[in-house]
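Down below is the structure, laid out as structure tokens.
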Amino acid sequence: MVCRGVSKTWAAGTARAHEALRDVDLDVAPGEFVVLLGPSGCGKSTLLYLIAGLEEATGGAIRSFRDAVDRPSPDRSLIFQETSLFPWLSVWQNVAFGLSIRGAPEEERRNVAREALARVGLAEAMHKRPDELSGGMRQRVAVARALAMRPKVLLMDEPFAALDVQTRAKMQDFLLDVWRDSGASVLFVTHHIDEAVALADRVVVFTARPGRIKSIVPVDLPRPRDPFSPECAHLRARLTGELRGEVDRAFAEQEALAGAA
Amino acid sequence: MSGNLAGTAGRLRRAGSSALASRPSALPPNVRQALSRLGWTVVSVGLFVGLWELAWLLGIADARLLPPPHIFLGNIPDQARFFNTATRWQIGVDAAAGPSPYEAVGITVAATAGRVFAGLAIAAVLSVTVGVLVRYFALFEKLTLPTITLLSPVSPIAWLPVAIFIFGIGNAPAIFMVVVALFFHMVLSTVSQIDGVNRNFINVGRTMGATKRQIYARVIIPAILPQMLIVLRLNLFGAWMVVLVAESTGVGFGLGQVIMLARNTFNPSLVFFTIALIGLLGFLTDWLLRQVQRRILYWVPQTTGVLRGL
Ligand SMILES: Nc1ncnc2c1ncn2[C@@H]1O[C@H](COP(=O)(O)OP(=O)(O)O)[C@@H](O)[C@H]1O
Ligand SMILES: [Mg+2]
């Protein structure tokens, strides 16, 4: 996965043109876990949408395994922050949705769904409806749905942001297991420094809008990581420092915008 | 959570009144709920009837103009005579021929209800189809949406002559009237429902490799179904209103005909009897659609409980 000089201006060429990303260069190696960290509104989601092929970049190029990204592909599964399970389908039908799109027979769909749900620890919930599940379980189903497509890249847009702290910690452990099993690369967006410290092989810190890469911090700590270890504390302090100025800038800009409006 | 709340409520009730200690009820909760709803319907209607009767007792409501319920419902066989559906005026038909008065009421009601449902079904299928096509094909939108928008405020009454020009008399003009009264704004409502579909749902479909057609069939249509059924239920009443207008001209029999007969023969009792009948029918058909809605839309949470808690 390679991004070269990727830029995105929303509503380009109109009076409401709005620059979200500028000149982003980013490589993600196969099987790597990369965390995108930045203040809210800096364009992290925008970058994921571009990589997913849901939106078109206004500049630069994105390639995935040498193919130019110009449309969505099951190779690159996006997991959204809010629940995106279809309420009219049962859990297993949600997980097998991508297969049913390809016209896979019911037998295969059930098997794949069962296996994917087992991998996220929800084998019991096959026949439940999404609204019978808790927020954390729903996100796990969303992960299972992505895994069922055997993606090469998992794109995750603040998937655990709506969860409470304990659930989030559990979900992080679980995600690391799933990631190790699947061999996929993960591009994980968050604005939580702790989350970045717990998960990443590399942390990519963004500037305030328009989002540019401010720095890339490699994390060479073995997992599972003890959040209270001195190494983690050190890393947290470093990321906090990197981010502080950007958060202030993002705030100032938002206030200026509010003042102008 | 809700079990907790119920538990708390139970404790409160027990603590509050030992004298009025609630007897354990043998009925399952949903039956009890239905009974309670029915009870309140009776009370609500009873209140209205009571006020009317009171007005009659006090001499405010003139029985010749506003006959109270005990008069217009007092002699149902007498009222039923007016629902004559036999073609007795034709030469050579025996005066005693044709259905009995009660059968005639049944036939009349069935005919009108049939027109309502036929019109509703046709309008629903047509308008959802057109609404989806509008969003699916940009050219189709450009060609049709302006005209649909222009026509949607036209009162169904204005279509009545058109209905008769095109379809003459019989069932067809009445059904046409129902369809035309509902079609245009149901198209607009379909389009706005489609525009309101959660973007994430559509993006999930896209990342899974769904084609445009699959996204419409597998994501957009199920996503708009709940709202569309609500729109349909609201339009059911509109259909009942329009069908009477349509039936008042050019149809052999129907409730609209009975109303026209009552008007021409100055029979307020018959008017109110028919109104009561229509009210009852509207109520029953709404209940029916609600059941359908509950069956089809098993995934839509019931939120009235939350509102009650306010
Ligand atoms: N679909 C869109 N149309 C127009 N502007 C958008 C759209 N999506 C995001 N933006 C704008 O782009 C900027 C970056 O947004 P986003 O990528 O969602 O930030 P983040 O995910 O980092 O919080 C924001 O200023 C936002 O208002
Ligand atoms: Mg975001």
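The values are calculated or read from the model by the stated rules, or taken from the named source; none is laboratory data. Since we're looking at a predicted model, the values are computed, not measured. Counting neighbours? That spans all protein chains shown, and the Cβs are built from the backbone with ideal geometry, glycine included. Side chains included, ligands, DNA and RNA excluded: accessible areas come from the protein's heavy atoms. Shrake-Rupley method; radii C 1.70, N 1.55, O 1.52, S 1.80 Å.
Here are the numbers for this structure:
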| quantity | calculated |
| --- | --- |
| Some residue of segment A:49-71 being under 25 Å from A:Glu253 (Cα atoms), hydrophobic (A, V, I, L, M, F, W, C) and within 14 Å of ligand 2 (Cβ to nearest atom) | yes |
| Residue check for A:Glu56: open to solvent by 50 Å² or more (accessible area, probe 1.4 Å), more than 8 Å from ligand 1 (Cβ to nearest atom), farther than 21 Å from A:Val197 by Cα and within 19 Å of the chain's Cα centre (by Cα) | yes |
| Subset of segment A:218-237 [touching a helix residue (DSSP H, G or I) at 6+ places or on another chain (Cβ under 8 Å) and open to solvent by less than 100 Å² (accessible area, probe 1.4 Å)] | A:Val219, A:Leu221, A:Arg223, A:Arg225, A:Asp226, A:Pro227, A:Cys232, A:Leu235, A:Arg236 |
| Residue selected from segment B:182-209 under the condition open to solvent by 20 Å² or more (accessible area, probe 1.4 Å) and among the aliphatic types (A, V, I, L, M), by the criterion nearest to the other protein chains (Cβ to nearest Cβ) | B:Ile202 |
| Residue within segment A:38-55 that is touching a Gly at 6+ places or on another chain (Cβ under 6 Å), within 13 Å of chain B (Cβ to nearest Cβ), under 30 Å from A:Glu246 (Cβ atoms) and not acidic (Asp, Glu) present | no |
| Considering residues of segment A:200-209 that are over 15 Å from A:Phe251 (Cα atoms) and not in a strand (DSSP E or B) only, the residue farthest from ligand 2 (Cβ to nearest atom) | A:Asp201 |
| Matching entry among A:Ala161, A:Ala144, A:Ala196, A:Ala125 (being of a type in the set (A, V, I, L, M), in contact with a Leu (Cβ under 7 Å, 6 or more places away or on another chain) and within 16 Å of ligand 2 (Cβ to nearest atom)) | A:Ala196 |
| Among (1) surrounded by 21 or more Cβ atoms within 10 Å (Cβ to Cβ); (2) in a strand (DSSP E or B) - the single one A:Asp23 does not satisfy | (1) |
| Segment A:156-173, residues that are closer than 22 Å to A:Pro30 by Cα and surrounded by fewer than 17 Cβ atoms within 10 Å (Cβ to Cβ) | A:Asp173 |
| Residue ID - modelled with the highest pLDDT, chosen from residues in segment A:59-77 that are open to solvent by less than 40 Å² (accessible area, probe 1.4 Å) and away from chain B (no Cβ under 14 Å) | A:Ile62 |
| Tally of residues being over 20 Å from A:Gly135 (Cα atoms) and among the β-branched types (Val, Ile, Thr) across segment A:74-121 | 2 |
| Elements of type helices (runs of 4 or more DSSP H) contained in segment B:248-310, each with 2 or more residues being at pLDDT 90 or above and surrounded by fewer than 19 Cβ atoms within 10 Å (Cβ to Cβ) | B:268-296 |
| Residues of segment A:84-118 that turn out to be out of contact with any Pro (no Cβ under 7 Å at 6 or more places or on another chain) and open to solvent by 30 Å² or more (accessible area, probe 1.4 Å), as a count | 15 |
| A:Gly98 being within 13 Å of ligand 1 (Cβ to nearest atom) and either part of a loop (DSSP other than H, G, I, E, B) or at pLDDT 90 or above (or both) | no |
| Residues of segment B:100-127 that turn out to be in contact with a helix residue (DSSP H, G or I) (Cβ under 9 Å, 6 or more places away or on another chain), β-branched (Val, Ile, Thr) and open to solvent by 40 Å² or more (accessible area, probe 1.4 Å), as a count | 2 |
| Residues that are in a strand (DSSP E or B) and either small (Gly, Ala, Ser) or more than 15 Å from A:Leu243 (Cα to Cα) (or both), drawn from segment A:210-226 | A:Gly211, A:Ser215, A:Pro218 |
| Hits in segment A:30-57 (condition: in a loop (DSSP other than H, G, I, E, B) and either basic (Lys, Arg) or farther than 16 Å from A:Ala68 by Cα (or both)) | A:Pro30, A:Gly31, A:Glu32, A:Gly38, A:Pro39, A:Ser40, A:Gly41, A:Cys42, A:Gly43 |
| B:Ile224, sole failed condition from (1) under 21 Å from A:Thr83 (Cα atoms); (2) open to solvent by 40 Å² or more (accessible area, probe 1.4 Å) | (2) |
| Considering residues of segment A:166-211 that are within 14 Å of ligand 1 (Cβ to nearest atom) and aromatic (Phe, Trp, Tyr) only, the residue modelled with the highest pLDDT | A:Phe188 |
| Residue tally, condition assigned to a helix (DSSP H, G or I) and within 11 Å of chain B (Cβ to nearest Cβ), over segment A:130-163 | 7 |
